[in-house]
Every structure is written in C-alpha cells, then in structure tokens.
Amino acid sequence: MLCAAWCVVVSILSMHGQEQGAEQVAFSVDESRGRWHFEYIWTGVNGEEQAVFSIPTNIIQQGATEFRGAAACMSAAFDVMTAEKAGVERAFGVSLSFAKAKDGWTSSMSGERDQLLRAEAYLAARRKEIESVVYPKNFCMLSSRGEMCPDYLGIAKRYAAPMKPVAFALHRSSESKRKFVERCLTFLQAIPFAEVFSNGLGFQTPVGMLAENRGDCDTKAAALAAMLYNYGIATIFVTVEKHMLVGVRIPAAAGDSIVKFNGSSYVLAEPVGPAMVPLGKISRESQTGLHDAGVIGPTIY
C-alpha cells in the first residue's frame with residue numbers, strides 16, 4: 001500500500017548510483033505431500049547464494065488470502081454496528097439507520113435534540129472501540145494521518161512462525177547476526193518487484209510474497225521483520241514518503257545509516273530491490289526523506 005510507483009524510481013536511481021543490481025538467478029516451486037517446496041538462487045554480497053525450504057500448503061493458502069485490507073475491516077465494523085442498532089435505539093429513544101460508505105458507514109438519526117446528542121456521542125466512542133478490535137483482527141491499523149494501512153507489527157509477528165523455514169535456510173550458525181541480516185536482505189532484494197497482487201491490494205503477506213514470488217517495499221519490509229523475529233533480532237518499520245525501510249537493532253558498523261528510537265540505535269536496510277543496497281546504506285531519495293520519517297515498532301522489546 002505504501003509503495004507506489006516511487007519505489008521503482010528509488011530502485012532505478014540507486015542502481016544509477018553504482019549499486020549492484022540484485023538478481024534472482026533461479027526460482028522454482030512445486031507442491032507435493034501437502035507442502036510447497038521452494039528453491040532460490042540469487043546474487044548476494046558474497047556472490048551466488050542458494051536457499052531450499054518448504055512450507056505447508058495450508059499455510060501458503062491462508063497466507064496468500066487472509067490479508068483482505070480496508071474493505072474487509074470496514075465491512076466487519078459495519079456488521080458489528082448494525083447488529084447493535086436496535087439496542088442503541090432503545091437506549092437513547094431515537095430512530096437510527098446505517099448505510100455503508102467509503103470510510104466505513106454513515107448514520108442518520110431522528111429524535112429529540114438531547115437524545116440525538118447523547119446518541120451521537122455514544123456512536124462516536126463506540127465506533128472507535130469497534131475499530132480497535134476489528135482492524136487488528138484483519139491485520140490493519142490507522143496510520144498517524146488517520147489512513148488505513150497494514151498492521152505491520154501484527155503481520156510481522158503473525159508470520160514469524162510461517163517464515164521460520166526461510167529464516168532457517170538463510171541462517172549460518174557460525175556467522176554474525178549482521179551476516180545473517182545481509183543474506184536475508186539480498187534474498188528479498190532479488191525477489192522481483194511488484195506492487196499489484198492477485199488480491200487486488202497494494203500489499204501481500206510474507207507467505208503470499210513467496211507464493212507469488214514478487215513484492216514491493218512494505219511487503220518485503222514485513223517479510224524481513226518476520227524472518228529476523230525468529231532469531232530475536234528486533235526491527236522497526238521506518239516510513240518515508242510512499243516508501244518503507246527497516247531498522248535492524250544490531251551493532252552499527254562504521255558509515256552505517258542509523259535511526260534512533262526509544263533509546264536504541266537501528267541500522268537501516270532497504271529491502272525493496274532490485275538494487276542490492278548493502279545493509280546500513282539507503283538510497284539518496286530515502287536519505288533525503290528521513291527527516292520526515294515515521295516509525296512503527298519495535299517488533300521485540
């Protein structure tokens with residue numbers, strides 16, 4: 001949802017800035033015995049990399065369909081509100097009707113002025129209560145601007161377990177956390193870029209990304225956070241204009257771009273691709289937008 005056409009521009013400009021392009025050399029997937037078996041070969045920091053893993057078919061199917069976006073949230077909230085219509089009418093002595101609208105629903109009431117004022121105040125408060133329950137269940141949230149967007153923290157935690165086979169395939173026990181993060185980062189950067197998915201929304205879950213073998217900036221950001229969660233590595237989501245980065249809580253190296261949040265330093269990563277932007281480096285456009293960046297997180301305290 002965040003990553004409009006500007007994401008493509010960021011990636012192209014990064015490549016023009018002499019960054020090496022990430023490349024998915026080979027990709028294959030087949031289904032047998034109730035599992036999807038994946039094999040990836042891609043160019044990484046240290047040359048060609050390979051990962052082989054499998055995920056249960058039911059997890060793939062659920063992951064590819066369960067994020068239904070704003071429309072599902074609004075519909076669910078509307079259903080709860082309309083189910084309470086008769087109770088509100090009795091409690092406040094008003095006549096009430098609801099109608100679906102782009103931002104959820106509209107209501108109209110008739111009755112005496114004092115009753116209407118009390119009913120309106122109740123409905124406004126009740127709407128917030130309903131949204132606070134319904135939105136997280138549908139993996140959505142309201143941004144600081146009041147706009148509907150994916151619940152990135154909820155999605156990262158929800159998909160940590162399903163993405164564990166991926167993280168396990170990318171992890172090398174003798175390596176530092178930084179090397180592991182770098183491998184996860186180039187794995188995602190090499191996955192083909194796309195911002196339109198089969199669900200018709202501008203976001204796909206981490207497992208849905210694997211099934212479709214494509215993703216945009218916030219889709220890949222959620223996937224990176226989910227993978228790192230399995231190894232206790234905290235992340236934050238850093239939003240700049242129509243784009244998303246990930247902050248990773250690991251020790252910074254000399255020259256790293258970092259952000260500080262709640263007293264901790266996070267090394268920045270740009271998983272969108274196709275530029276193979278190293279861990280701790282971000283594109284010029286992202287660097288420029290950092291002064292207005294928003295932060296969501298962290299995934300682990």
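The values are calculated or read from the model by the stated rules, or taken from the named source; none is laboratory data. Note that the coordinates shown come from a computational prediction; the quantities given were computed from them, not determined experimentally. In this analysis, Cβ positions are derived from the backbone assuming ideal geometry, glycine residues included, and neighbour counts consider all displayed protein chains.
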Worksheet item: If you take the residues in segment 243-289 that are β-branched (Val, Ile, Thr) and not in a strand (DSSP E or B), which one is surrounded by the fewest Cβ atoms within 10 Å (Cβ to Cβ)?
Response: Thr288
Worksheet item: So Ile236 clears everything in (1) over 19 Å from the mean Cα position of the chain (by Cα); (2) buried (at least 21 other Cβ atoms within 10 Å of the Cβ) except one condition, right? Which one?
Response: (1)
Item to complete: Give me the pairs, please: first residue somewhere in segment 114-132 and closer than 22 Å to Ser143 by Cα and in contact (Cβ under 8 Å) with a residue 60 or more places away in the chain, second residue anywhere and surrounded by 11 or more Cβ atoms within 10 Å (Cβ to Cβ) and among the hydrophobic types (A, V, I, L, M, F, W, C), beta-carbon distance under 8 Å, and either six or more positions apart or on two chains.
Response: none
Discussion item. When you check Val52 against the structure, is it closer than 19 Å to Phe193 by Cα, of a type in the set (A, V, I, L, M, F, W, C), assigned to a strand (DSSP E or B) and touching a residue at least 24 places away in the same chain (Cβ under 8 Å), yes or no?
Written reply: no
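Any residue that is at positive phi and of a type outside the set (Phe, Trp, Tyr) - is there at least one of those in segment 137-152? Walk me through it before giving the result.
Looking only at segment 137-152, we keep the residues that are at positive phi, and these are 139, 146.
The next check asks that each one be of a type outside the set (Phe, Trp, Tyr); those that pass are 146.
Taking every residue of segment 137-152 in turn, at least one turns out to be at positive phi and of a type outside the set (Phe, Trp, Tyr).
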Worksheet entry | Flag if Ser108 is hydroxyl-bearing (Ser, Thr, Tyr), assigned by TED's automatic domain parsing to the domain that holds Gln24 and more than 30 Å from Ala293 (Cα to Cα) | no
Discussion item. Going residue by residue through segment 16-28, is there one that turns out to be touching a Pro at 6+ places or on another chain (Cβ under 7 Å) and at pLDDT 80 or above?
Written reply: yes
